[in-house]
Amino acid sequence: MTVTSTTATTAASLDTVVEAGDGALVTVPSGGRLRIVDLHGNQAVDTLFYDAHDIDNRYSAFDTIREQRAVFLTTGSRLVSTRLDELAVITDDTCGRHDTVGGACSQESNVIRYGEFTRHQHACRQTFLRYGAKAGIGQRHLAHNVNFFMNVPVTSSGGLTFEDGLSAPGKYVEITASRDLFVLISNCPQVNNPCNGWDPTPIQLLGRW
Amino acid sequence: MTPAATPNPTLTPAHTHEVPGAVAWSAPVRAGRTVTLTALADGANATMLMIGADRLDRLNIPDTLKSQMSARIKPGMVLMSDRGLALATVTASSLDWHDCLTGALPDQLLLLELTKHGFGEADLHACINFFSKVSVADDPRASLTYVPDHAHAGDTVTLRADQDLLIFLSTAPHALSDEPAAGVAVQIETPAHTDDPELREEATRALRLTRELIA
């Protein structure tokens, strides 16, 4: 699914459902608001952000973490690029916190984590490459993403685990674009850990611009 | 008369280099060799990026962390690539915490090193800040605080290359530190022993795949 705003002068809107395991490439104009709704709860939404006019200027998870001096993302978090440009701000969040340390699943990392039997299961980075291609986003441009609604506790002793989600049906997060953006989404198909409650489900995208 | 074929250690001499503070440096490292970094002053920081033998497959910090249930880099971890292979193994360190959660400030010198090898901004993947520690609070947002006085002159970390690598290193101070830039000594050599340290099952799987496929 590729969604592009049709005109810059009239209000466009987006209201669509992304099925479990599917993805989307959404063009959000500067000032536009994109809401992601966790329709059934506990669904990880792997998301990347790119300056729509220069995809090398892309979301940087660890620069974002450092700049806010905190691991988890929530309302007020500024999502910055490797150049420290502000790409978007989280302007509403009924879930409470979101991960950006855990990255996206891939067929190859599934093999390392769970074993050879997962090599041909669908994975987020397959979705990123498929939908990203339309914007020229290839393997080199796949950065470390945001995992909306995903719960990855990081502890003071330096531990990290994937846990059951904090989200619930109808919870949502909204970002406001600080410049024209490509937002690349994979509605995570992972079934080998609790990030999707062991049961991937659809999400809704609502755009206002 | 043919001389006896005895191993000649001078065929693979160790490479040593002192990287001054606030510069960037890069080098190729052959599979099987070790890279030892030594802090030359208190508060040193060595930001590292790593790219694998095919010049596309980069160090992937999220995959490295989640497969080994850690939010820091420490001895006994395999540094994993985007495509699930072992790039290097942390075989020893005098420190049990090297930061990998807070990235690095935009660094033109580091970007130039990438450019020398044909890479660019798109390859600014997550890095490791060797010798630096940023502590995580057990509060609702997992707040972060730079820990001064973590590394001291003489602290070391040793990595074993598990495939042919390019390593990129910056000695700019850690982004959250107000300490002055410090130098780091690098030694690249062929080790006498190559045993794996004790590793998690996931790390062993990455090493096995790497040896089967490309090492």
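The values are calculated or read from the model by the stated rules, or taken from the named source; none is laboratory data. Keep in mind it's a predicted model, so treat the numbers as computed, not measured. Please note: Cβ atoms are built from the backbone with ideal geometry, for glycine as well, and neighbour counts cover all protein chains shown. These area figures cover heavy atoms from the full protein model, side chains too; ligands, DNA and RNA do not enter into them. Shrake-Rupley method; radii C 1.70, N 1.55, O 1.52, S 1.80 Å.
Within 10 Å of each Cβ of B:197-208, how many other protein chain Cβ atoms are there on average?
Working: counts 0, 0, 0, 0, 3, 6, 1, 1, 6, 5, 0, 0.
Mean partner shielding for this stretch: 2.
How high is the relative contact order of chain A, in percent, counting Cα pairs under 8 Å that sit 6 or more residues apart?
Values: 556 pairs, mean separation 87.6, N = 209.
The value is 42 percent.
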Accessible area buried at the A-B interface, both sides summed, 1.4 Å probe (Å², nearest 100): 4000
Beta bridges by DSSP in chain A, antiparallel share as percent, to the nearest 5: 95
Per residue accessible area in Å² of the stretch B:22-190, where ligands, DNA and RNA are left out and the probe is 1.4 Å: 31
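With a 1.4 Å probe and every protein chain kept in, tell me what percent of the accessible surface of chain A is carbon plus sulfur. Please report the intermediate quantities before stating the final value.
Numbers: 3530 of 7040 Å².
The computed percentage sits at 50.
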Using θ = phi - 60° and Karplus 6.51 cos²θ - 1.76 cosθ + 1.60, couplings along the stretch B:144-156 (whole Hz; Gly, Pro as x): 10, 9, 5, 9, x, 6, 7, 9, 10, 3, x, 5, 9
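Sort B:153-163, A:168-178 for me by packing, meaning the mean count of neighbouring Cβ atoms within 10 Å per residue, highest on top.
Details: B:153-163: 21.0, A:168-178: 19.2.
For the peptides B:153-163, A:168-178, the packing ranking is B:153-163, A:168-178.
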Rg in Å to one decimal, and Dmax rounded to a whole Å, for the protein assembly as shown via C-alpha atoms: 21.6, 90
Average beta carbon contacts from partner chains per residue of A:131-143, 10 Å cutoff: 2
Separation of the B:Val23 and A:Thr94 label points, Cα + 7 Å toward Cβ, nm: 5.7
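All other residues with a Cβ under 13 Å from the Cβ of A:Gly76 taken together, and with Lys, Arg as +1 and Asp, Glu as -1, what is their net charge? Walk me through the numbers on the way to the answer.
Details: positive: A:Arg69, A:Arg78, A:Arg97, B:Arg141; negative: A:Glu67, A:Glu86, A:Asp92, A:Asp93, A:Glu174.
Taking every other residue near A:Gly76 into account, the sum is -1.
Would you work out what percent of the accessible area of chain B, with all protein chains in place, is carbon or sulfur (probe 1.4 Å)?
Values: 4910 of 8910 Å².
Carbon and sulfur atoms account for 55 percent of the accessible area of chain B.
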Shielding by partners - mean other protein chain Cβ count within 10 Å, residues of B:171-181: 1
Cα-centred dipole magnitude for the stretch A:68-113, charges only on beta-carbon of K, R (+1) and D, E (-1), debye, nearest 20: 160
Nearest-ten-degree value, helix B:201-213 long axis tilted from longest Cα axis of chain B: 40
Helical contribution to [θ] at 222 nm, DSSP H n ≥ 4, -39,500 (n - 2.57), averaged over chain B, rounded to 500: -4000 deg cm²/dmol
Mean shadow area of the stretch B:22-190 over all directions, Cα convex hull, nm²: 9.1
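What is the local net charge at A:Gly197, summed over the other residues whose Cβ is closer than 12 Å to its Cβ (Lys, Arg +1; Asp, Glu -1)? Present the calculation step by step, with values, prior to reporting the outcome.
On the way: positive: none; negative: A:Asp38, A:Glu163, A:Asp164, A:Asp199.
The answer is -4.
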Built amide H within the under 5 Å cut-off of A:Ala70, gap 5+: B:Leu144
Environment charge of B:Arg30, counting only residues whose C-beta is closer than 14 Å and scoring Lys/Arg +1, Asp/Glu -1: -1
Packing rank of A:59-65, A:15-21, where each peptide gets the mean count of other beta carbons within 10 Å, highest leading: A:59-65, A:15-21
Cβ-Cβ FRET estimate between B:Leu105 and B:Glu198, R0 fixed at 45 Å, reported to 0.05: 0.80
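Using the heavy atoms of the protein chains alone and a 1.4 angstrom probe, what is the accessible area of the stretch A:22-208 per residue in square angstrom?
Value for the stretch A:22-208: 30 Å² per residue.
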